[in-house]
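**Q** Take this structure, written in structure tokens, and hold onto it; I'll ask about it next.
The values are calculated or read from the model by the stated rules, or taken from the named source; none is laboratory data. A quick note: this is a predicted structure, and the numbers were derived from the prediction, not measured. Heads up, the Cβs are rebuilt from the backbone with ideal geometry, glycines too, and the neighbour counts pull from every protein chain shown.
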Amino acid sequence: MIINASSLRDLYVGFKTSFNKALNNTASHWEKVAMRVVAVTAEENYSWLTGMPGIREWIGDRLILQLGATRYVVENRDFELTISIRRNHIEDDQYGIYAPCIEQMGLETKRHPDELVFGLLKNGFTKKCYDGQYFFDTDHIGYDENGEEVTVTNFTAGAAPAWYLLDCSQPIKPLLYQERQPFIFESLTDGTNDHVFFRAKFIYGVRGRSNAGFGLWQLAHASKAEFNEANFTAAREKLTSQKRQSGQPLGINPTHLVVPRSLEAAARKLINAQLINGGESNIWANAAELIVSDFL
């Protein structure tokens, strides 16, 4: 290949096509459990997550809810993935060998939000959310049927691998993916650049700014108890029994079961099988959408 502005532009287009091929064809799951937030500053404050009370009968003046009693900030982080390609390989028409590498870059870019979101879910036992408690904790503040404050847990202790039951049916989800700058594919091929002039290397890479954060802890329950029908039922009951400050139900409906790869078989048996125990009807068949994540 004769290297000039036109040929380098064509090479960039070809590489970007390979990148987009993998980007568009790679499966991801984060959007099922996290709400996308488009950030406009270096950080976003989610103090408005403080409990929404629900509709009430309008008697007298409006009851104005003051959001933001606590401060919960998610700062954007910078991410990149960059490779170099020898100029000689381009001149000798060997650039085709790099197409799989560029495709892999697209795959890694598509999976990156999954890594952030499900990685944060895994660390919910040691990282705090908007109420100042660990996201999965045994002493969140909730309410009983009389509107009295009570201690609420969204965590079941145990020695087994952790699994998670989530309600992802609401506008506010258990997790959030904050995006300041979507990932972009770019190149550095200017002959006056040090990498190109002194090292005879062209640079291709992606960069973006984003982060993951916690939404409402009320919509998630983590269990380290053995994954079985009894413990799955108990986790559902803990989620669905939560009350508003008015004493009315929060209306939580578990929609997704998230498990690590080690629990995939057990989860599929409980959630997907129509019959269990040698022919007995499975009451939890299709009770939740199963997500198996390698980032847990």
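**Q** Got at least one residue in the stretch 245-252 being within 17 Å of Leu121 (Cα to Cα) and either in contact (Cβ under 8 Å) with a residue 12 or more places away in the chain or touching a His at 6+ places or on another chain (Cβ under 9 Å) (or both)?
**A** Among the residues of the stretch 245-252, not one is within 17 Å of Leu121 (Cα to Cα) and either in contact (Cβ under 8 Å) with a residue 12 or more places away in the chain or touching a His at 6+ places or on another chain (Cβ under 9 Å) (or both), which makes the answer no.
**Q** Moving on to the next point. Mind listing whichever residues of the stretch 184-202 are surrounded by fewer than 23 Cβ atoms within 10 Å (Cβ to Cβ), in a strand (DSSP E or B) and of a type outside the set (Ser, Thr, Tyr)?
**A** Passing the criteria: Ile184, Phe185, Glu186, Leu188, Lys201.
**Q** Hey, another quick one. For the stretch 274-296, which positions are of a type outside the set (Val, Ile, Thr) and surrounded by 13 or more Cβ atoms within 10 Å (Cβ to Cβ)?
**A** Within the stretch 274-296, Asn282, Trp284, Ala285, Ala287, Ala288, Glu289, Leu290, Ser293, Phe295, Leu296 meet the criteria.
**Q** Between residues in the stretch 84-102 that are among the aliphatic types (A, V, I, L, M) and residues that are at pLDDT 75 or above, which pairs lie under 6 Å by C-beta distance while being six or more apart or on different chains?
**A** Taking only residues 6 or more apart or on different chains, the pairs are Ile85/Tyr98; Ile85/Phe202; Ala99/Ser18; Ile102/Phe15; Ile102/Ser18; Ile102/Phe19.
**Q** Hey, does the stretch 208-223 have a residue that's of a type in the set (A, V, I, L, M, F, W, C), buried (at least 16 other Cβ atoms within 10 Å of the Cβ), more than 30 Å from Ala42 (Cα to Cα) and modelled with pLDDT of 95 or more? If you could, list the steps in order and put the result at the bottom.
**A** Filtering the stretch 208-223 down to residues of a type in the set (A, V, I, L, M, F, W, C) leaves 212, 214, 216-217, 219-220, 222.
Next, only the ones that are buried (at least 16 other Cβ atoms within 10 Å of the Cβ) stay: 212, 214, 216-217, 219-220, 222.
Of the ones still in play, those that are also more than 30 Å from Ala42 (Cα to Cα) are 222.
Now narrow it down to the ones that are modelled with pLDDT of 95 or more: 222.
Yes, the stretch 208-223 contains a residue that is of a type in the set (A, V, I, L, M, F, W, C), buried (at least 16 other Cβ atoms within 10 Å of the Cβ), more than 30 Å from Ala42 (Cα to Cα) and modelled with pLDDT of 95 or more.
**Q** Picking from Leu257, Leu239, Leu263, Leu270, which residue would you name as being crowded, with 17+ Cβ neighbours inside 10 Å and either aromatic (Phe, Trp, Tyr) or within 22 Å of Tyr46 (Cβ to Cβ) (or both)?
**A** After ruling out the rest, the residue left standing is Leu239.
**Q** Touching a His at 6+ places or on another chain (Cβ under 8 Å) and either farther than 30 Å from Thr151 by Cα or basic (Lys, Arg) (or both): does that describe Lys269?
**A** no
**Q** Give me the residue from the stretch 32-47 that is modelled with pLDDT of 95 or more and more than 19 Å from Arg77 (Cα to Cα) and, out of that set, surrounded by the most Cβ atoms within 10 Å (Cβ to Cβ).
**A** Val33
**Q** Pick from Gly119, Gly124, Gly68, Gly132: which is closer than 18 Å to Arg244 by Cα and either at pLDDT 90 or above or not in a strand (DSSP E or B) (or both)?
**A** Numbers: Gly119 fails: closer than 18 Å to Arg244 by Cα; Gly124 fails: closer than 18 Å to Arg244 by Cα; Gly132 fails: closer than 18 Å to Arg244 by Cα.
Only one candidate passes the filter, namely Gly68.
**Q** Scan the stretch 140-189 for residues that are among the aliphatic types (A, V, I, L, M) and over 19 Å from Phe118 (Cβ atoms) and jot them down. Break it down stepwise before answering.
**A** Let us first name the residues in the stretch 140-189 that are among the aliphatic types (A, V, I, L, M), namely 141, 150, 152, 157, 159-160, 162, 165-166, 172, 175-176, 184, 188.
Scanning the stretch 140-189 gives Ile141, Val150, Val152, Ala157, Ala159, Ile184, Leu188.
**Q** Anything in the stretch 3-36 that is more than 15 Å from Thr109 (Cα to Cα) and touching an Asp or Glu at 6+ places or on another chain (Cβ under 8 Å)? List them, or say none.
**A** Passing the criteria: Ile3, Lys32, Arg36.
**Q** For Ser246, which of the numbered conditions (1) in contact with a Leu (Cβ under 9 Å, 6 or more places away or on another chain); (2) surrounded by 13 or more Cβ atoms within 10 Å (Cβ to Cβ) fails to hold?
**A** (1)
**Q** Let me ask something additional. Can Gly278 be described as touching a residue at least 60 places away in the same chain (Cβ under 8 Å), assigned to a loop (DSSP other than H, G, I, E, B) and not charged (D, E, K, R)?
**A** In short, no.
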